[in-house]
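Student: Could you have a look at this structure, given as structure tokens, before my questions?
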Amino acid sequence: MNATAMDIQACDPAPAVEEQYDDAVQQREAATLGMWLFLSTEIMFFGVLFASYTICRVLYPDGFAEASRHTDMLLGTIETAVLLTSSSLIAISLRAIKLGQRRACTWLLLGTAALGTAFLVIHGFEYYSEYTEHLVPGINFGQPGPHSHAIELFFCLYYFITGFHSVHVIVGVLLITTLAVRVARGAFSAEQHNTLELAALYWHLVDIVWVFVYPVIYLVGRSG
Amino acid sequence: MNTHPDTRKAATPPVTPLRRYLWVLAALLALLSLSAGSALLKLGAFNTVIAMGVSVAKTLLVMAVFMHETEARRLTRMASALGFLWLALLIGLSLTDFLGRVPIPAPW
């Protein structure tokens with residue numbers, strides 16, 4: 001095999017269908033179904049934290065409202081906008097690979113990863129300012145007043161929920177960057193891009209989790 | 001092994017128009033400003049109702065258009081509802097306990 005033939009083989013990911021499947025449709029549906037089952041476990045993983053939050057908020061409504069006012073609503077809103085935009089970019093990148101636009105797909109994936117990184121950087125600033133305001137339970141916490149205990153509970157849940165979410169964002173950024181490099185090197189095609197679709201599903205779920213984090217962390221008790 | 005070129009072609013679902021993605025993004029950002037704006041108004045319990053309603057609307061938009069749930073087969077849609085259903089059960093049943101607790105003083 002000469003160099004040109006090897007290059008062509010490297011660029012062409014076909015045959016697309018693995019032997020346990022009847023056809024590409026079945027393969028794609030199996031992959032999507034499997035991914036959704038994994039995402040269901042992710043929903044349950046974050047769900048436990050949201051359930052704890054709900055119970056604590058029912059028990060300490062005033063304390064949670066006061067605690068939420070300590071968070072940075074502007075930064076939280078910007079982070080939400082950044083993640084929503086990144087979700088649309090990865091959706092458009094899938095559209096690009098379906099149309100055979102490899103270059104556009106690569107740049108859109110890199111854009112998605114860049115927005116994910118921007119989210120992490122903004123959140124890092126938020127964590128830093130909370131540290132300086134003595135809002136980190138167990139490390140640097142000092143909130144006077146009758147709601148001190150409830151504020152501590154709120155910030156425990158805040159760090160668990162946003163911390164685990166940030167870990168998911170880091171995984172997503174690494175995954176999407178790797179995929180962008182692979183697309184640029186000729187992997188995937190208009191016919192075969194299941195891996196990209198599954199990565200996009202993961203990223204959208206990370207976005208959906210944040211869509212619920214935003215109101216429960218940043219928007220409570222703002223009108224009071 | 002695949003011997004039918006037609007079925008391989010069918011593996012790629014129809015391409016969504018770019019305009020639809022951009023409209024959905026605009027709608028998501030509009031919903032975001034709605035939840036941020038309404039949080040600043042004194043609406044009592046409706047603050048929470050609106051905030052969660054907007055989040056559910058955003059989720060449905062992302063799932064329907066970005067995650068192509070409208071094109072997915074029924075089994076996949078059921079699987080995607082599974083996690084949310086389980087979460088609703090978890091929170092719902094936990095609340096029946098915490099909201100329904102009546103303090104009973106010890107008789108001695």
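FYI, it's all coordinate maths here, none of it is from the lab. Bear in mind that the values here come from a model prediction, so they are computed numbers and not experimental data. A quick note on method: Cβ atoms are made from the backbone with ideal geometry, for glycine too, and the neighbour counts reach across all protein chains shown.
Student: If each DSSP helix of 4+ residues adds -39,500 (n - 2.57) and the sum is divided by the residues in chain A, what number results at 222 nm, nearest 500 deg cm²/dmol?
Tutor: -27500 deg cm²/dmol
Student: Additional query: Which value at 222 nm does chain B reach when only helices count, each DSSP H run of 4 or more adding -39,500 (n - 2.57), with the total divided by all residues and rounded to the nearest 500 deg cm²/dmol?
Tutor: -22500 deg cm²/dmol
Student: Between region A:196-224 and region A:26-95, what is the separation of their alpha carbon centroids in Å?
Tutor: One Cα centre to the other: 3 Å.
Student: Quick check on the exposure proxy: order A:W36, A:W107, B:W108 from fewest to most C-beta atoms within 10 angstrom.
Tutor: Least to most surrounded, the residues fall as B:W108, A:W107, A:W36.
Student: Tally Lys/Arg at +1 and Asp/Glu at -1 over every other residue whose Cβ is under 15 Å from the Cβ of B:I50; what's the total?
Tutor: +3
Student: Another one. For every other residue with a beta carbon closer than 12 angstrom to the beta carbon of B:A39, add +1 if it is Lys or Arg and -1 if Asp or Glu, then tell me the sum.
Tutor: +3
Student: What are the DSSP H helices in chain A that stretch 24 Å or more along their long axis, judged by alpha-carbon atoms, and whose average Kyte-Doolittle hydropathy comes to at least -1.0?
Tutor: A:24-59, A:73-98, A:102-132, A:148-184, A:194-218
Student: For region A:74-200, just say rounded, prolate or oblate: build the C-alpha gyration tensor, square-root its eigenvalues into a ≥ b ≥ c, call rounded for a/c under 1.5, and beyond that prolate if a/b exceeds b/c, oblate if not.
Tutor: Here region A:74-200 falls in the prolate category.
Student: Follow-up question, since we're still on this one. Counting Lys and Arg as +1 and Asp and Glu as -1, each charge on the Cβ, what is the dipole of the protein assembly as shown about the Cα centre in debye, to the nearest 20?
Tutor: Here the protein assembly as shown has a charge dipole of around 720 debye.
Student: While we're looking at this one, here's another question. Skipping prolines and chain starts, which residues have an amide H placed within reach, meaning under 5 Å, of the one on A:V136, given they are 5 or more residues away or on another chain?
Tutor: A:F141, A:G142
Student: Shifting gears a bit: In whole Hz, with x marking every Gly and Pro, tabulate ³J(HN,Hα) for region B:88-97 from phi via Karplus 6.51 cos²θ - 1.76 cosθ + 1.60, θ = phi - 60°.
Tutor: Running phi through 6.51 cos²θ - 1.76 cosθ + 1.60 with θ = phi - 60° gives 4, 4, 4, 5, x, 5, 4, 5, 4, 6 Hz.
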